[in-house]
Amino acid sequence: MKKNKLLYRSFIIIAFLAVNAVIIYGISQVIAYLNTGADTSKMLHLDLARTDYYLPEVAWENIDNPGRPLEPANQLKIEQDYLDAWYVKNLALENNNNDGVYDHYTESAREKVNALIEYNAAQELQIKSTTLSHNISLEFYSADGTIAVLTDRNVTGIEKIYHNNQFINEREFNEDYRIILLLEDGFWRVRHFEKLAINEVETYNHTIPLEIEMIKGVNYYPQAHPWDTFNEAVDSTLLADDFKIIKELNLNTIRVFVGYEDFGKANVDLEKLRRLKILLDQAHKADLKVMITLFDFYGDYEMKNWTLTNKHLRAIVNEVRDHPAILAWDIKNEPNLDFENRGEEIVLSWLSQTIKAVKKIDSIHSVTIGWSNTKSALHLENEVDFISYHYYEDIDDLSASHKAIENQTSKPVVLQEIGLPSYNGFWTLDGNNVYDQAEFYGKLLETQKRDSVNYLFWTLYDFDHIPTDVAGSLPWRKNKQAHFGILNSDGIKPAYLLIQKD
Amino acid sequence: MRKLVSNITFWALIVMTAIIYSCSEKQKIEKTAIAADAFKIVTPIDQVVTKNGIKIKFQSYNNDDFELLEFVVSGTYGTTVLKPQLHQDQLAIHIPEVISQHSGIIEWKLIAGETTLERGSFKLLPNIKQLKTVENYVGPRSIIANERDYTMLVSIPVDSLDNMLPDQTVVQMSKQFKGDITTTTKKIQSGFAWQRIPAPLTTGRLITGSTLQQISSKELVVDIFPDIAVPFKITKSSNHNYADGNEIIILQTDQIKDSHGNIMTDGTLVTFFIKDDHDNSWQTTASTVNGYAFAKALHPQAPSTWTVKGVINGMVESPELNITFKSIIDEIPFSFSENKIVTIGPLTSYLGQLVPDGIPVQLKIDGSEIILKTHNGISTYTFDTKIIEPNTYDIQIKTLGITTTKSIELK
């Protein structure tokens, strides 16, 4: 009885507290709601900062015109509003709604865009499209600055047509347009649009040979900063020391990873670029070639963001393409792992266009994609210059798997990642120790020599801290990932000696 | 035994499913594999835009597989996908008006699944026989009557389906100013024709318009405003030149014009900067009406000389004008009574009339200062010997710009 009383009492007290908490929460929500709304500082549109959403490559070929000189501020405004007109039209045709069309097309032009949207919506067609480059000439700019006539040549881009979300067809284009823009309500709105010509789409069929006879290398991260090679703490001395170790193992290549977000996405961080150049300089000094893996930790392959990834790519490739240490561009690490979540077709078309974007600005260095397994290795075989795959299966089957790939392509095949963690701790049932790892490397090197396999092993060091976004937070994954090295903080592991001997 | 039967049934089922599945797969593959020459369309040629759509017939086709065909067509504003329709034993593709009424290059592709059977392009030309409007734009809408300034007339004529007209189409561009009509013939280039219109040298309204064949634009008007003013003179007018603190002086400009004789726009602000010989300065403003500006100022209370300058800010200023004001009295009438009352006045003006009430009179005695105001021309002050000790004092009196010193004996 006494117990019950206590129970009731505590129940009543807890219920009382809970009711109070709910009431206080409710009141605070009401107050918060009443405090939102019109903010006087927003009345003047002063704080509307542009975010990066559509940044195709734009070149102004000519701004001389008989009307009036074009001031830089107006040039920028015309460019932004004109690109926005493309952007909203692309989105409108993808989603079949006319959001934003009002702002970027005059009344008569709006009707034309809306009519097409309605027609396509009725046919259940979705058209995903993006432009990638524009070459604008200003034909005329009126004295009062309210009319601009542009010719936009070689508008390149891609269009994918879906019916009921089923892919139908793809169209790459390279077209010339004439555009008349009017300044209305502070927006440059499209009054006229006319497709003037269709040009040949540029293709890059020439395969660039690997400039190294036999790749023997390592996937490189500094010991203290795994997955963070371009951390400010990684200075040239540290890199020089590490590269000396690699060179002394008779290796000739390293593979490094450039993170998409780490390097500032569309607006590439110059400081990171500087550190990339320091790494290349040190590699060159140590007589090592560098394979740069781009777009690490990039996971959104949607067409509407292609202009952003291309801008990122241009900033990096243009900056370092002439560096003597560069061996090849690896577009993306293990993109086939995103097939399931993002859609195989979407991932492959991003890869395909990104390869073209690299080849457009770098005609010397070969391009590859680091597929995570042998099954995926031959995707886009036509477009890459050499095939790269990763092998984490049974070492005894390596030779056969490698040959199987080689038989299906005339291009060089690179075993871009291979390794075994020497981790036999609490979390594993049948883990491997350092001797198992040495045995593994023994077999690897034997196969490599016999079959002349280009290879890069994973990796130089055991790492003390694995970032959570690499292997997740589960300890058995993290610990495995931490022990792939042939060196650890105590010194060398047996596998090291094997490679050194080789 | 039963187990065996059920086992066999189970496996048979699986095998059959597999067979059916593989058959359907096979069928699908067969269907998409259409021979490249099985279908051939009558290749569309360059033609004029139309709102009725474009019908494309087939040269050769077969009735079985045409449902697999798709016609991808891409015009100026975007792309769409069409299906061939079999109508009265004739297979045809109908390009809808959303594509066919906009001029520009049309790219097309006949596909069956992933195979492209045919591809090509043709041009849709604007319909120069059916015009809708001539859109005119003129700007700047207000210009200055001088040799440098100009406005610009831009004509964008369109056909009945709102397409830009081809290069070399002739547009008549006209302007009218004070009865003079000028018409210029211009050719369209890149979809538009344009003309620079130099400013006339007189103010007024310039009216523009364009015509193309029988189609005319709206009327657009440009206002011509006068140029920068040339230096002007200022004069004063006043009833008299006495410093009586009562009269109002009028400062005025002559008619302010620009170098071409155009009178300044009404409301042009003229500022009169006034400075006197005691280093005081102030200003008054007036806006022009028909080129004249009038400003008013009160005469000073003490004789002084003013230097006045009229200025139109940022444009022009007048030469200086000097104005001298004379004193209205020669000496200050003064009396002292009952050993404590000081009376100043009556102060009289230039006709002998009393000065206005409120003229300040300053007394200085023993280092302290007392300000009095006149009332009916007179101001008085009674000294209180409780505050100021009885004695003989020199008292300084200052009014209307005159100073005098008297000796008084307080008891």
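Only the coordinates and a few stated rules stand behind these numbers; no lab work does. This is a predicted model, so every value here is computed, not measured. All Cβ positions, glycine included, derive from the backbone under ideal geometry; neighbour counts span all protein chains shown.
Per-structure values
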| item | result |
| --- | --- |
| For residues of A:167-179, the mean tally of beta carbons on other chains within 10 Å | 3 |
| Table column - 3J(HN,Hα) (Hz), the stretch B:262-268, Karplus curve with 6.51, -1.76, 1.60, x for Gly and Pro | 7, 6, 3, 4, 4, x, 5 |
| Within chain B, helix-based [θ] at 222 nm, where runs of 4 or more DSSP H residues each add -39,500 (n - 2.57), nearest 500 | -3000 deg cm²/dmol |
| Cleavage-rule hits, GluC sites (Glu not before Pro), the stretch A:185-259, DSSP coil, Cβ neighbours within 10 Å at most 14 | A:Glu200, A:Glu202, A:Glu211, A:Glu213, A:Glu232 |
| Alpha carbon Rg of the protein assembly as shown, scaled by the compact-globule rule 2.2 N^0.38 Å | 1.54 |
| For A:Phe257, residues with placed amide H under 5 Å, excluding near neighbours | A:Thr293 |
| Hz values of 3J(HN,Hα) by residue in the stretch A:125-139 - Karplus curve (6.51, -1.76, 1.60), Gly and Pro given as x | 9, 10, 10, 8, 8, 8, 9, 10, 8, 9, 10, 9, 10, 8, 8 |
| Rounded Å value of the spacing that divides the Cα centres of the stretch B:32-101 and the stretch A:290-328 | 41 |
| Nearest-20 debye value, the protein assembly as shown charge dipole, Cβ charges on Lys, Arg, Asp, Glu | 1540 |
| Long-range HN-HN contacts of B:Val49 with modeled amide H, under 5 Å | B:Leu125, B:Asn127 |
| Distant-in-sequence amide H partners of A:Val413 (H built 1.01 Å from N, under 5 Å) | A:Ile387 |
| Relative contact order, percent, chain B [alpha-carbon distance under 8 Å, six or more residues apart] | 8 |
| Spacing of the two label points (7 Å from each Cα toward its C-beta) at B:Asp266 and A:Glu232, in nm | 6.8 |
| Dimensionless Rg/Rh of chain A - Kirkwood Rh, Rg from C-alpha atoms | 1.08 |
| Separation between Cα centres of the stretch A:362-395 and the stretch A:437-502, rounded to whole Å | 21 |
| Contact order normalised by residue count of the stretch B:218-342, Cα under 8 Å, 6+ apart, percent | 27 |
| Residue mean of other protein chain beta carbons inside 10 Å, B:100-111 | 4 |
| Compactness of chain B as Cα Rg over 2.2 N^0.38 Å, two decimals | 2.24 |
| In Hz, Karplus ³J(HN,Hα) per residue of the stretch A:457-468 (6.51, -1.76, 1.60; θ = phi - 60°; x = Gly, Pro) | 8, 10, 8, 6, 10, 6, 10, 7, 10, 9, x, 4 |
| Descending principal axes extents, the stretch A:340-484, alpha-carbon based, whole Å | 49, 38, 27 |
| Relative contact order [Cα under 8 Å, 6+ residues apart], chain A, whole percent | 11 |
